[in-house]
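I have placed the structure first, in the form of structure tokens, so that the comments after it can refer back to it.
The values are calculated or read from the model by the stated rules, or taken from the named source; none is laboratory data. Computed from a predicted model, the values in this text were never measured in an experiment. Here the Cβ positions follow ideal geometry from the backbone for every residue, glycine too, while neighbour counts run over all protein chains shown.
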Ligand SMILES: Nc1ncnc2c1ncn2[C@@H]1O[C@H](COP(=O)(O)OP(=O)(O)OP(=O)(O)O)[C@@H](O)[C@H]1O
Ligand SMILES: [Mg+2]
């Protein structure tokens, strides 16, 4: 079976910056792939090329078997896109926004209105459906934008950071909606800066940095590559850190990382249950603890392990600001 999405050696250069530097990725039919990377890694650029909004300088890509450069119209017929910044018309109601997209896809008046109502209900927007979207919260806008992407039942969906900027409740809502979509047979490519999200939603994760793929695999394969869970111990006295490192080193994978200022030791420990054992060992050496825990690896851990440096901090920004609307390419409304 052809992959739903294939990208090989994609390159995109802007003056002074190489946004994509030979990016490879694949999405199997009916599966979810997450592109995980920090700010500026090239996630949006990759999505814009795959959704025909931008041309690559080199490399090739296809969606549902159609080459994005030579068959952009055919690609647009089979995709739904929800951009990083929700692209809803502020002066239309939720219902009108969806109906407009339905008409652009030539669903026909009756079918378009019916589908709009169906999606408003499914995304818990029926109450807001007759209100202008100017009055919507960020979470409501993102849900409406995703609903718009689904109007024409596209078999391949692209979601650019679908939960960035959402509060925990709206984020959980969005996760539920996305999981439900995939249950219905869609192939999905999403981008995220959040390893937990990629782990929760995706069958395959592609980690990108400075425009190229630095790791790919299932969440478990990736965690094995980066050493899995993190044991974190905070000591009473920073001066005990070297001794604690000696005691705990055999339990982990690689070297313990010591942070004098926070009196903290961190150690990659795979997927083993080590907490009780670690506390006992430190206790028997009479090393006093303030705190101890095991946590899941974050994007920052992935970057440290794979590149030897931290991921750039997540910029404080809204995912719903109007400053860079990424419009859904429809058969009649596509930019290049
Ligand atoms: N139109 C453009 N002109 C010049 N440089 C650009 C343009 N679009 C993107 N870039 C640059 O290309 C690089 C990749 O940008 P891109 O938006 O793809 O990153 P991203 O992974 O989506 O980041 P974020 O998480 O912040 O959304 C960045 O260095 C960015 O500044
Ligand atoms: Mg982006």
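The set of residues in segment 208-230 that are out of contact with any strand residue (DSSP E or B) (no Cβ under 8 Å at 6 or more places or on another chain) and within 16 Å of ligand 2 (Cβ to nearest atom) contains only 209. The condition (being modelled with pLDDT of 95 or more and closer than 18 Å to residue 135 by Cα) is satisfied by just one residue among 96, 90: 96.
Scanning segment 202-227 for residues that are crowded, with 22+ Cβ neighbours inside 10 Å and closer than 20 Å to residue 271 by Cβ yields 202, 205, 207, 222, 223. Candidates in segment 125-158 are the residues that are loosely packed, with under 14 Cβ neighbours inside 10 Å and either in contact (Cβ under 8 Å) with a residue 12 or more places away in the chain or over 30 Å from residue 6 (Cα atoms) (or both); of these, the one that is nearest to the chain's Cα centre (by Cα) is 137.
When 34, 41 are screened for being more than 30 Å from residue 134 (Cβ to Cβ), assigned to a loop (DSSP other than H, G, I, E, B), within 16 Å of ligand 2 (Cβ to nearest atom) and in contact (Cβ under 8 Å) with a residue 24 or more places away in the chain, only 41 passes. Just to be sure I understand, how many residues within segment 155-178 are more than 15 Å from ligand 2 (Cβ to nearest atom), over 16 Å from residue 123 (Cα atoms) and touching a helix residue (DSSP H, G or I) at 6+ places or on another chain (Cβ under 6 Å)? Counting residues in segment 155-178 that are more than 15 Å from ligand 2 (Cβ to nearest atom), over 16 Å from residue 123 (Cα atoms) and touching a helix residue (DSSP H, G or I) at 6+ places or on another chain (Cβ under 6 Å) gives 2.
Looking across 282, 241, 267, one residue alone is modelled with pLDDT of 95 or more and in contact with a helix residue (DSSP H, G or I) (Cβ under 9 Å, 6 or more places away or on another chain). It is 282. Filtered by the rule that a residue be closer than 12 Å to residue 192 by Cβ and either in contact with a helix residue (DSSP H, G or I) (Cβ under 8 Å, 6 or more places away or on another chain) or not assigned by TED's automatic domain parsing to the domain that holds residue 72 (or both), segment 13-49 gives 32, 34, 35, 36, 37, 38.
Every residue, every condition in (1) under 16 Å from the mean Cα position of the chain (by Cα); (2) surrounded by fewer than 24 Cβ atoms within 10 Å (Cβ to Cβ); (3) more than 8 Å from ligand 1 (Cβ to nearest atom), yes or no:
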{"position": "4", "(1), (2), (3)": "no, no, yes"}
{"position": "11", "(1), (2), (3)": "no, yes, yes"}
{"position": "17", "(1), (2), (3)": "no, yes, no"}
{"position": "22", "(1), (2), (3)": "no, yes, yes"}
{"position": "29", "(1), (2), (3)": "no, yes, yes"}
{"position": "38", "(1), (2), (3)": "yes, yes, no"}
{"position": "44", "(1), (2), (3)": "yes, yes, no"}
{"position": "50", "(1), (2), (3)": "yes, no, yes"}
{"position": "60", "(1), (2), (3)": "no, yes, yes"}
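The lone criterion from (1) within 17 Å of residue 146 (Cα to Cα); (2) in contact with a strand residue (DSSP E or B) (Cβ under 8 Å, 6 or more places away or on another chain) left unmet by residue 57 is number (1). Residues in segment 179-190 that are surrounded by fewer than 23 Cβ atoms within 10 Å (Cβ to Cβ) and touching a helix residue (DSSP H, G or I) at 6+ places or on another chain (Cβ under 7 Å): 1 in all. Under 6 Å by Cβ, and 6 or more places apart or on different chains, what pairs join a residue from segment 184-200 that is closer than 15 Å to residue 146 by Cα with one that is part of a helix (DSSP H, G or I) and within 13 Å of ligand 1 (Cβ to nearest atom)? That search, which allows pairs on different chains as well, returns 191/43.
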